[in-house]
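Worksheet: one structure, shown below.
The values are calculated or read from the model by the stated rules, or taken from the named source; none is laboratory data. As the structure is a prediction and not an experimental result, all values here were calculated from the model. Because the Cβ atoms are built from the backbone with ideal geometry, glycine has one as well, and the counts that use them run over all protein chains shown. These area figures cover heavy atoms from the full protein model, side chains too; ligands, DNA and RNA do not enter into them. Shrake-Rupley method; radii C 1.70, N 1.55, O 1.52, S 1.80 Å.
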Amino acid sequence: MSWSRAIVAAVLCAALSGCGFQLRGEAALPFERLYVPGASPLVIELRRNVVARTHTKLTGSERDSQAILGFTHEVREKVILSYNTSGLVREFQLRYRVGFQVSDPKGGMYIPPSEILLTRDVSFNDSQILAKESEEGLLYRDMQTDMVQQMMRRIAASKRRDAD
């Protein structure tokens with residue numbers, strides 16, 4: 001029985017490696033020192049990811065950094081998508097929009113002003129208001145995690161462009 005389990009495990013490992021699957025490793029950012037101002041939950045999660053997943057060090061000031069990640073806006077919106085036959089809301093769309101840029105202290109740009117928009121559709125039932133509010137909070141938290149991952153990928157893929 002143990003031989004068959006070993007064979008099945010080996011086949012599964014070979015299949016996963018053959019399809020290109022690999023664990024998320026460290027991201028190589030194009031700078032060694034980064035300054036990220038602010039104290040929002042997004043900033044805190046982004047800082048944690050930089051510390052845990054890169055060799056880049058966070059600095060306490062722009063002066064000590066090679067790059068500055070600045071946020072232009074962070075907006076959470078709730079838009080009505082549809083109504084039921086009684087005219088009550090049946091479905092919402094949650095939107096999470098973040099604008100940011102990455103520059104160096106001399107004015108060069110790694111990432112020019114950019115925006116990422118994430119959306120999630122949510123059904124609504126007025127007899128389950130507390131559950132739907134909790135679901136909305138969880139979805140926004142999940143969207144924030146997705147936002148950080150997308151930002152990390154964009155920053156890792158960026159290259160410095162000199163100021164004009």
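Overview of values
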| item | result |
| --- | --- |
| Point-charge dipole on Cβ atoms (K/R +1, D/E -1) for region 70-164, about Cα centre, debye to 20 | 360 debye |
| Region 84-164: relative contact order as a whole-number percent, Cα under 8 Å and 6+ apart | 35 percent |
| Eligible lysines near Lys78 by straight Cα distance, threshold 30 Å, same-chain separation 8 or greater | Lys132 |
| The chain, accessible surface, carbon-and-sulfur percent (1.4 angstrom probe) | 55 percent |
| Accessible area (Å², per residue) of the chain, counting only protein heavy atoms and a probe of 1.4 Å | 64 Å² |
| Residue-wise HN-Hα coupling along region 81-91, computed from phi with Karplus coefficients 6.51, -1.76, 1.60 (Hz; x: Gly, Pro) | 9, 7, 10, 8, 5, 8, x, 8, 4, 10, 8 |
| Dipole of the chain, positive direction: furthest Cα of His73, Ser103, Ser40, with charges on the beta-carbon | Ser103 |
| Dimensions (Å) - region 85-163, Cα atoms, principal axes, largest first | 58, 21, 18 |
| Cα-only Debye scattering, the chain: base-10 log of I(q)/I(0) at q = 0.15, 0.18 Å⁻¹ | -0.88, -1.05 |
| Charged-residue dipole, Cβ positions (Lys, Arg, Asp, Glu), the chain about Cα centre, Debye nearest 20 | 480 debye |
| Per-residue [θ]222 nm for the chain (sum of -39500 (n - 2.57) over DSSP H runs n ≥ 4, rounded to 500) | -12500 deg cm²/dmol |
